[in-house]
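One structure below.
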Amino acid sequence: MNRFDRMTPAHPAARSVDEITGSRRLRRMRKAPWSRRLVQENRLTVDDLIWPIFVVDGENRREPISAMPGVERLSVDLAVKEAETAARLGIPAIATFPYIDLTLRDETGSHILSADNVINRATRAIKAAVPEIGVITDAALDPFTSHGHDGILRDGIIVNDETVAQVAAASVAQAEAGADIVAPSDMMDGRIGAIRDALDQAGFQDVAIMSYATKFASAFYGPYREAVGTAGLLKGDKKTYYIDPANSAEAIRETEQDIAEGADMIMVKPGLPYLDIMRVLKDEFQMPTFAYQVSGEYAMIEAAAANGWIDGERVMMESLLAFKRAGCDGILTYFAPRAARLLAG
Ligand code: PBG
């Protein structure tokens, strides 16, 4: 008797597969394209896509972002062209993020309040040229502060209430420029309620709030910080305001709070590593729920595809479908126009 005999004794009464499964064979419905189509549970459509774009001052200006191949910062005139393309592809909304000239950044991010900052000019230009596309603005200070934080920094502390007042005022400026949805991403306490009040008092009852309800203190934002020019500025980390990636009960409490304060839509960020959070929030709250497939996720897929290690197109579509399966109603993704083209055939 050798050692293999001991490990694999002959089984005199091995069961047949039919005996094991009770004749249930799940592969039956997978046997052909028509039957797979028939039983498919989730589907990605162009209606699910929100396209984040980066805008910068200037004219006819396009600046590549090295860690996000295929993504560029665009001057307002070119952003309008991209919005036209997005509308033609059927993409329902775009989300804008600014690169602010370094000379315009300060301790409190005051330039965010300017009616003429690049975000507000982009909104006006896009809504004038392509009124049918939704414009979502990032009500966040980080591209505007000299330290790259999303809050006002006093003696090394991100001060909550002063930041909330600033973000609420910024939201009104964005609504005045024509934003359809404002999306505060700073995770300060009380920001949703304060923004709702400020919008309502200014007569913007119809401007919606997409809450970055659960934003994790994540390393997946790396390439974004190059895109908005905060990578070299940021001192320390954002752990005093974003959620610990280890926590999910806290994500529920955060989201519950934002909904109570008046959030119209909730979002989870980053995307793929946090599908469990999306599922839990959708089940718990039944709210319009969105995922943000962030810059680092985009970069990883692009890098592996560029090396020929994965089929980039298939991984892109599979990753987007995964958000639907996790319960999301839509996805903010830098892949939006590419996915839309593929979906259109
Ligand atoms: C900050 C903000 C971040 C992103 C969008 N807005 C992250 C951060 O620097 O904290 C990340 C988006 C991405 O990585 O694609 N307000």
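Miscellaneous remarks
- Centre separation in Å (Cα based) which lies between segment 233-302 and segment 49-115: 23 Å
- Note on the chain: with a GNM built from Cα contacts shorter than 10 Å, the maximum mean-square fluctuation among A306, A217, A83 falls on A306.
- Gyration tensor (alpha-carbon) shape descriptor, segment 164-284, a/c threshold 1.5: oblate
- Angle in degrees between helix 312-325 and the longest Cα principal axis of the chain, rounded to the nearest 10: 90 degrees
- Fully extending the segment from Q286 to E59 would add 77.4 nm, taking 0.36 nm per residue of separation and subtracting the current Cα-Cα distance.
- Between 0 and 90°, nearest 10: helix 160-177 axis offset from the chain longest Cα axis: 80 degrees
- The solvent-accessible area of W34, taken with every protein chain present and a 1.4 Å probe, is close to 140 Å².
- Rolling a 1.4 Å probe over the protein chains gives T85 an accessible area of about 30 Å².
- Prolate/oblate/rounded call for segment 45-343, Cα gyration tensor, a/c under 1.5 rounded: rounded
- Modelled label reach - V159, point 7 Å along Cα→Cβ, segment 98-136 residues with backbone N closer than 20 Å: 105-114
- Within the straight-line cut-off of under 17 Å between alpha carbons, the lysines reachable from K324 are K269, K282, sequence neighbours fewer than 8 places apart in one chain being disregarded.
- Relative contact order for segment 45-343, counting Cα pairs under 8 Å that sit 6 or more residues apart, in percent: 19 percent
- Accessible surface of segment 113-231, 1.4 Å probe, proportion on carbon and sulfur as whole %: 52 percent
- Straight-line cross-link partners of K127 among the lysines, defined as a Cα under 20 Å from its Cα and at least 8 positions apart when in the same chain: K81.
- Modelled label positions at Q40 and Q205, each set 7 Å beyond Cα in the direction of Cβ, lie 4.2 nm from each other.
- Under DSSP loop assignment and at most 13 Cβ neighbours within 10 Å, longest GluC sites (Glu not before Pro)-free interval of the chain: 133-345
- Helix 295-306 vs. the chain, principal-axis angle (Cα, 0 to 90°, nearest 10): 50 degrees
- The 1.4 Å probe gives accessible areas that order S146, S319, largest first, as S146, S319.
- Heavy atoms of D197: accessible area, 1.4 Å probe, square angstrom to 10: 90 Å²
The values are calculated or read from the model by the stated rules, or taken from the named source; none is laboratory data. The shown structure was predicted, so the numbers you read here are calculated from the model rather than taken from an experiment. Neighbour counts are summed over all protein chains in view; Cβ atoms, including those assigned to glycine, are modelled from backbone coordinates with ideal geometry. Ligands, DNA and RNA are excluded from the accessible area calculation, which covers all protein heavy atoms including side chains. Shrake-Rupley method; radii C 1.70, N 1.55, O 1.52, S 1.80 Å.
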